[in-house]
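Visitor: After the structure tokens below, expect a handful of questions from me.
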Amino acid sequence: MSDIERAKAEIAYCEAILAKSGLNVVGETLRDADAVTVWEHYPAGDVFDPETGAQWYYHSHETGEEGAEHGHFHCFLRPKGQDGPIHHLIAIGVDDRGRPLRLFTVNQWVVDDDWLDAAGTIALLDRFDVSLARPSFLVNRWLTAHFTAYTAEMAALVRERDARLASHKPVGGVDARADRSLEVTSEMLLPTLAG
């Protein structure tokens with residue numbers, strides 16, 4: 001079994017264990033929230049693994065029809081520790097049942113991270129690893145497994161992000177990375193792993 005196959009099996013395993021308990025990655029992520037406010041970070045204060053520098057948070061947004069994106073996990077890496085620079089790697093969009101729908105990159109203004117070009121960002125992808133019991137071991141492992149299952153796709157999205165920004169011509173001479181008319185810079189729909 002390849003690393004990619006193992007990672008996809010781990011994603012499915014985490015989802016199955018949660019489902020067996022009547023849960024999913026979204027519900028598990030939001031379980032300690034008294035109320036869910038769109039665009040707020042969950043869990044409060046984000047999740048940070050001090051050993052690896054991996055960091056993530058989830059936020060929801062208003063959804064319409066069933067199966068639409070409920071929100072997304074923003075995944076970062078802080079290679080020099082919690083007080084060092086923070087680099088956005090990828091976002092994983094999910095529906096209200098926690099099923100992954102897409103991978104995508106965002107413009108710098110969206111997350112206000114410390115910018116790295118494609119080569120620097122891609123070099124960090126394999127370092128995203130959250131091995132913490134809180135807020136949910138299964139959600140942490142589920143997110144981590146995506147970085148092995150879709151490394152090549154994430155790298156392609158990061159390259160596409162840079163190409164899109166290089167060719168983007170904002171109105172009024174604003175820097176492309178600060179242009180609020182450009183939010184999502186690349187995306188890829190995900191296949192359903194559960195069949």
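The values are calculated or read from the model by the stated rules, or taken from the named source; none is laboratory data. All values reported here derive from a predicted model rather than from experimental measurement. Every residue, glycine as well, gets a Cβ built from its backbone with ideal geometry; the counts of neighbours run over all protein chains shown. Remember, those area values only see protein heavy atoms, side chains included, never the ligands or the DNA or RNA. Shrake-Rupley method; radii C 1.70, N 1.55, O 1.52, S 1.80 Å.
Visitor: What are the principal axis extents of the Cα atoms in the chain, in Å, biggest first?
Guide: Here the spans come out as 53, 38, 35 Å, largest first.
Visitor: If you don't mind, another one. Please give the residues of region 125-167, grouped as numeric ranges, whose backbone N is less than 20 Å from a label point set 7 Å along the Cα-to-Cβ vector of residue 31.
Guide: Flagged as within label range: 130-146.
Visitor: To make sure I understand the rule: partners must be lysines, Cα under 29 Å from the Cα of residue 20, and not fewer than 8 residues away in the same chain. Which ones qualify?
Guide: 8
Visitor: Using the Kyte-Doolittle scale, which helices in the chain average at least 0.0 and also have C-alpha atoms spread 15 Å or more along the helix axis, with helices defined as whole DSSP H runs?
Guide: Qualifying helices: 3-20, 137-149.
Visitor: Taking Cα pairs under 8 Å and at least six residues apart, what relative contact order does region 17-149 come out at, in percent?
Guide: Relative contact order for region 17-149 comes out at 21 percent.
Visitor: Need one word for region 1-98: rounded, prolate or oblate. Basis is the Cα gyration tensor (sqrt eigenvalues a ≥ b ≥ c); a/c below 1.5 gives rounded, then a/b vs b/c decides.
Guide: It is oblate, given that a/c is not under 1.5 and a/b is not larger than b/c.
Visitor: First compute the accessible area of the chain with a 1.4 Å probe, then give the percent of it belonging to carbon and sulfur atoms.
Guide: 50 percent
Visitor: Average projected area of the Cα convex hull of region 75-135, in nm²?
Guide: In nm², the orientation-averaged hull projection of region 75-135 is 5.3.
Visitor: Can you list the lysines whose alpha carbon is less than 30 Å from that of residue 169, not counting same-chain residues fewer than 8 positions off?
Guide: Partners within reach: none.
Visitor: Arranged from highest to lowest average of other beta-carbon atoms within 10 Å per residue, in what order do the peptides 8-14, 111-117 appear? Don't skip to the end; give the middle numbers.
Guide: Values: 8-14: 18.1, 111-117: 14.1.
Packing proxy ranking, top to bottom: 8-14, 111-117.
Visitor: Ignoring ligands, DNA and RNA, what accessible area per residue does the chain give at 1.4 Å, in Å²?
Guide: Heavy-atom SASA per residue in the chain reads 51 Å².
Visitor: If you don't mind, there's one more thing I want to ask. Determine, for each peptide in 92-103, 75-86, the mean count of other beta carbons within 10 angstrom over its residues, then list the peptides with the highest first.
Guide: Values: 92-103: 19.3, 75-86: 16.2.
Descending mean neighbour count gives 92-103, 75-86.
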